[in-house]
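To start, the structure itself, in structure tokens.
No value in this document is a laboratory result; all are computed from the given coordinates. Keep in mind the model is a prediction, meaning the values are calculated, not measured. Cβ sites come from the backbone with ideal geometry, for glycine too, and all protein chains shown count toward neighbours.
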Amino acid sequence: MATTTYATTPVAGTTDTLQDTLALVGRILLAYLFIPAGFGKIAGFAGTVGYATAAGLPMPQVGVAIGLLIELVGGIMILVGFKTRWSALALALFTIVAAFFFHNYWAMPEAQQAMQKINFDKNIAITGGLLVLAAFGAGRLSLDGRRRG
């Protein structure tokens, strides 16, 4: 019986180019979530503080201010690929904390549980993506990548 052997090494440079392009697109999509959310917290600071207070966040004004800075600055850093590993870790920590404080579906009325579980699960998945970004970096199409080479 004949077996077919496939080359495991693609044409020179195509893997790196694809990885760098996918890393860039991934960073843009992550930034698409965090940067507008940071601006939204600035524009609706009082309302966000009220929501954080109702959720039981300790020191809600400080927490919201820290959250908007992490989302806005961290999102911009992810977008341009500057200090990507550290900003991805900061956003991952922020996102997991937000999941437990604001989407604790297990403690909500039954009518809200399904939607809050979806939001909780999305936050967990986003945290996973951020941890992958922290592990592997921004790719060459980034400020981090330009400094390396």
Exercise. Which value, in debye to the nearest 20, describes the size of the charge dipole of segment 98-149 about its Cα centre when Lys and Arg Cβ atoms bear +1, Asp and Glu Cβ atoms bear -1, and nothing else is charged?
Worked result: 460
Exercise. With helices defined as uninterrupted DSSP H runs, which ones in the chain have an alpha carbon span along their own long axis of at least 27 Å and mean Kyte-Doolittle hydropathy of at least 1.6?
Worked result: 60-80
For this session: Report Rg/Rh for segment 54-110, rounded to two decimals, where Rg is the Cα radius of gyration and Rh the Kirkwood radius.
Result: 1.07
Exercise. If you place +1 on the Cβ of every Lys and Arg and -1 on the Cβ of every Asp and Glu, how big does the dipole about the Cα centre of the chain come out, in debye to the nearest 20?
Worked result: 380
Exercise. Based on DSSP H runs of at least 4 residues, each adding -39500 (n - 2.57), what is the mean residue ellipticity at 222 nm of the chain after dividing by all its residues, to the nearest 500 deg cm²/dmol?
Worked result: -26000 deg cm²/dmol
Problem set entry | Radius of gyration and maximum dimension Dmax of the chain, Cα, Å | 19.3, 72
Problem set entry | Additional length obtainable on full extension of the chain from Leu18 to Glu110, 0.36 nm per residue less Cα span | 28.7 nm
Exercise. What residues of segment 27-69 lie in the reach of a label at Leu93, counting those whose backbone N is under 20 Å from a point 7 Å from the Cα along Cα→Cβ?
Worked result: 31, 34-35, 38, 57-69
Problem set entry | Estimated FRET transfer efficiency when R0 is 25 angstrom, pair Val132-Thr53 (beta carbons, to 0.05) | 0.15
